[in-house]
Amino acid sequence: MLRKEQNDLLTQTGPGTPFGQMFRCYWVPALLADELPENECPPVRVKLFSERLLAFRDTDGKYGLIDEFCAHRGVSLWFGRNEEHGLRCPYHGWKYDTTGQCIDVPSEPIESGFCKKIKLKSYPLVKIGPVLWTYMGPPDKQPPLPEWEFSLVPPEQVFISKRLQESNWLQAMEGGIDSSHVSFLHRGDLGSDPLFKGAKGNKYNLSDLQPHFEVVEQPGGLYIGARRNAENGHYYWRITPWVMPNFTMIPPRGDHPMHGHFWVPIDDHNCWAWTYDFHPTRALTKEERAAMEAGQGLHCKYVPGSYRPLANKDNDYLMDRAAQKAGRTYSGVEGFAIQDSSLQESMGPVCDRTKENLVSTDNGIIMARHRMLRAAKAYQDKGTIPPGVDPQHHHIRSVSIVLPPDQAFKDGAKEALTRHRVGAAQTTV
Amino acid sequence: MLSESARMTTAEEARCRIDYPNSKPRATKIIALDPQSEAVVKRLAQGKWQQASFFTSVDFDGAPRGGENWSMKAWLSDLAGRTKDLIDEVATADLVVMVASAGTKPKTAGVIAEACGVRKVMTTALIIGSDEHTDEELSRTLAALRPHAGMLVIASDDDYIEQMLVALRA
């Protein structure tokens, strides 16, 4: 459990909140690059950390992420005209460049220099791989660009999607580091989903329902190791790195693509669940890409024209009690992503952690909270840059491996847990 | 019309959750496995806890035996210096937390774990002081504890133990 004030601290990320200030130290995914597919394309509304913003791509291909509302009368610039190196408000013609600088106020003489006095708040927006990233912290503390492997491999090796999750970011993220739920909630899919089935490791997952855990701190966050019995007294380890505050990489299965998540607060009641799949050494096959586009694996189907899952709370997540009873799905909900989101949204917009009863196998979650609380305090008290900001902390890998019983995963998988080179083969069972 | 899930996941509905204690206090026994971890356990014991008991030393008489033929005698010492029978303490525990210092090779963990196994009590082991020891020393402690703990945590700062016990409602 958490005390109320601790729960409030970790779940409130709006402007001026202590955790929101710390969270703004990181580069975060803001939108898919495909959402701004060409120069002068329509602008896109973006809400992050309870801030209403607008993303656009100007005549020269420059990306901008600016305050959504015109400084004149507060009109949404989503209605704006993206033309000739700027976004023009359709109400009175005020025009802004990608930095939020007003570059034209038609009602005022150019000579007056009036427009130079108008500037909207803006944040950098940078394309790395298939994602546009933003940094919303103090400009003088802007860190180097992120170096996550999925965003650095060639485009044919990666697939990325995002979905709206209608809950606070923390309960979504905590699901990602809660390894023990996989053997229950997702057990029906391990043997059937095309992006999971066939791996030898699945056999260990399904035959040992009482995994043992080891939690080890690493510079950027944690390694959470779950071990299950394998042959000859050896252990099958699945090691999940969590990098502060919102990144995980799920241990690989066989030669399937590697995958994981980012969870980014939209506001305190909603977040983006980003899901990436990449293969470090080869292009995704046509079948793999088709499966991902069809919403299999960790991805989902959408309400057409949106990033809201097709199975959502408005239709009770398409709950199928017959499938639940027959064991085709454990919860009656189809697909990894919606199995997670349905339960996490059922907790309410912000989970009340004063009522929870954690058990010792929840130590990964307990440690993650501890590290975030400690980092938020250090940032607030001393301005200490939190773990996970340094791009070196992004050079990590998840691992699945069989080790002798007396070998610690931190030793036996030490090399495999570090990404020494983009494109090196993964360690997987 | 809104679905039931849509109606029930609003902030307004969250406020209608029944407010009552949904669990009984759990008995947690925290045992220091070596002299270095004793100081940490003693400090922890000064806090306010629901049903946590703290022990600082272990003495054994005879080799452990498993299953129904348990005949080993093992003793804990509480903070007042009173001797307690390990089996009796484990029998009344919901969770046993072992605290070990990095670099040690705590033989007593096996005895405690065996007692927990007989009584079907979960075990967690925490390793403290990892920053002061080499990787090799830490690995030795991990290897010694791994067979005996369902959850094994290396904590870089002692504060974590307190946070964990609070989180577990000890």
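Contact list please: Cβ distance under 8 Å, first residue in the stretch A:344-370 and more than 8 Å from every other protein chain (Cβ to nearest Cβ), second residue of a type in the set (Asp, Glu) and surrounded by fewer than 19 Cβ atoms within 10 Å (Cβ to Cβ), pairs at least six apart or on different chains.
Correct list of pairs: A:GLY364/A:ASP178; A:ILE365/A:ASP178.
Can you confirm whether A:LEU32 is open to solvent by less than 40 Å² (accessible area, probe 1.4 Å) and more than 18 Å from the chain's Cα centre (by Cα)?
no
List the number of the failed condition for A:ASP178; all other conditions in (1) open to solvent by less than 30 Å² (accessible area, probe 1.4 Å); (2) at pLDDT below 95; (3) within 19 Å of the chain's Cα centre (by Cα); (4) not hydrophobic (A, V, I, L, M, F, W, C) hold.
The single condition A:ASP178 does not satisfy is (1).
Matching residues to (1) open to solvent by less than 10 Å² (accessible area, probe 1.4 Å); (2) assigned to a strand (DSSP E or B):
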residue	(1), (2)
A:VAL126	no, yes
A:TRP133	yes, yes
A:PRO144	no, no
A:GLU147	no, no
A:GLU156	no, no
A:ILE160	no, yes
A:ARG163	no, yes
A:LEU170	yes, no
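Which numbered condition trips up A:LYS410, out of (1) at pLDDT 95 or above; (2) within 12 Å of another protein chain (Cβ to nearest Cβ); (3) assigned to a helix (DSSP H, G or I)?
(1)
Please work out which residue is farthest from the other protein chains (Cβ to nearest Cβ), limiting yourself to the stretch B:134-144 and to residues that are open to solvent by 50 Å² or more (accessible area, probe 1.4 Å) and either of a type in the set (D, E, K, R) or in contact with a Ser or Thr (Cβ under 8 Å, 6 or more places away or on another chain) (or both).
Ranking the qualifying residues of the stretch B:134-144, first place goes to B:GLU137.
Got a sec? Which of A:ALA376, A:ALA413 is in contact with a helix residue (DSSP H, G or I) (Cβ under 6 Å, 6 or more places away or on another chain), of a type outside the set (Val, Ile, Thr) and surrounded by 19 or more Cβ atoms within 10 Å (Cβ to Cβ)?
A:ALA376
Of everything in the stretch A:308-338 that's away from every other protein chain (no Cβ under 14 Å) and assigned to a helix (DSSP H, G or I), which residue is nearest to A:SER161 (Cα to Cα)?
The selected residue is A:ALA337.
Report, by residue number, each residue of the stretch B:25-53 that is more than 14 Å from B:ILE161 (Cα to Cα) and of a type in the set (A, V, I, L, M, F, W, C).
Residues satisfying the conditions are B:ALA27, B:LEU33.
Residues of the stretch B:109-127 being among the β-branched types (Val, Ile, Thr), open to solvent by less than 10 Å² (accessible area, probe 1.4 Å) and part of a strand (DSSP E or B), which ones?
Correct list: B:THR124, B:ILE127.
Kindly list the number of the only condition in (1) modelled with pLDDT of 90 or more; (2) surrounded by 13 or more Cβ atoms within 10 Å (Cβ to Cβ) that fails for B:CYS16.
Result: B:CYS16 fails condition (2) only.
Answer with yes or no whether A:THR59 is polar (S, T, N, Q), out of contact with any strand residue (DSSP E or B) (no Cβ under 7 Å at 6 or more places or on another chain), over 22 Å from A:TRP272 (Cα atoms) and at pLDDT 95 or above.
The answer is yes for A:THR59.
Kindly provide the set of residues from the stretch B:67-79 that are within 27 Å of B:LEU44 (Cβ to Cβ), among the small types (Gly, Ala, Ser) and at pLDDT below 90, ordered by number.
B:ALA74
Of all residues being hydroxyl-bearing (Ser, Thr, Tyr) and touching a Leu at 6+ places or on another chain (Cβ under 8 Å) in the stretch A:319-346, which is most open to solvent (accessible area, probe 1.4 Å)? Just the residue, please.
Selected residue: A:TYR330.
If you check A:ASP352, A:ASP362, A:ASP316, A:ASP381, which single one turns out to be open to solvent by 20 Å² or more (accessible area, probe 1.4 Å) and closer than 17 Å to B:GLU4 by Cβ?
Selected residue: A:ASP316, the only one of A:ASP352, A:ASP362, A:ASP316, A:ASP381 that is open to solvent by 20 Å² or more (accessible area, probe 1.4 Å) and closer than 17 Å to B:GLU4 by Cβ.
Among the residues of the stretch A:78-95, count how many are open to solvent by 90 Å² or more (accessible area, probe 1.4 Å) and hydrophobic (A, V, I, L, M, F, W, C).
2
With respect to A:LYS119, is the statement that it is open to solvent by 50 Å² or more (accessible area, probe 1.4 Å), within 30 Å of A:VAL158 (Cα to Cα) and either of a type outside the set (Val, Ile, Thr) or free of Cβ contacts under 8 Å to residues at least 40 places away in the same chain (or both) true?
So A:LYS119 does not fit the description; no.
For the stretch B:145-170, enumerate the residues that are part of a helix (DSSP H, G or I), at the interface with chain A (Cβ under 9 Å from one of its Cβ atoms) and either open to solvent by less than 20 Å² (accessible area, probe 1.4 Å) or among the charged types (D, E, K, R) (or both).
Answer for the stretch B:145-170, where residues must be part of a helix (DSSP H, G or I), at the interface with chain A (Cβ under 9 Å from one of its Cβ atoms) and either open to solvent by less than 20 Å² (accessible area, probe 1.4 Å) or among the charged types (D, E, K, R) (or both): B:ARG146, B:ASP159, B:TYR160, B:MET164, B:ALA167.
Restricting to strands (runs of 3 or more DSSP E) lying wholly in the stretch A:41-92: which have 3 or more residues that are over 23 Å from A:MET136 (Cα atoms)?
Result: A:81-83.
Looking at the stretch B:1-50, which of the residues that are farther than 23 Å from A:ASN168 by Cβ and of a type in the set (Asp, Glu) is farthest from the other protein chains (Cβ to nearest Cβ)?
Checked the stretch B:1-50; the qualifying residue farthest from the other protein chains (Cβ to nearest Cβ) is B:GLU38.
The values are calculated or read from the model by the stated rules, or taken from the named source; none is laboratory data. None of the values given here were measured: they were computed from a predicted structure. When we count neighbours, we look across all protein chains shown, and the Cβ atoms used for this are built from the backbone with ideal geometry, even at glycine. The area values use the complete protein model at the heavy-atom level, side chains included, leaving out ligands, DNA and RNA. Shrake-Rupley method; radii C 1.70, N 1.55, O 1.52, S 1.80 Å.
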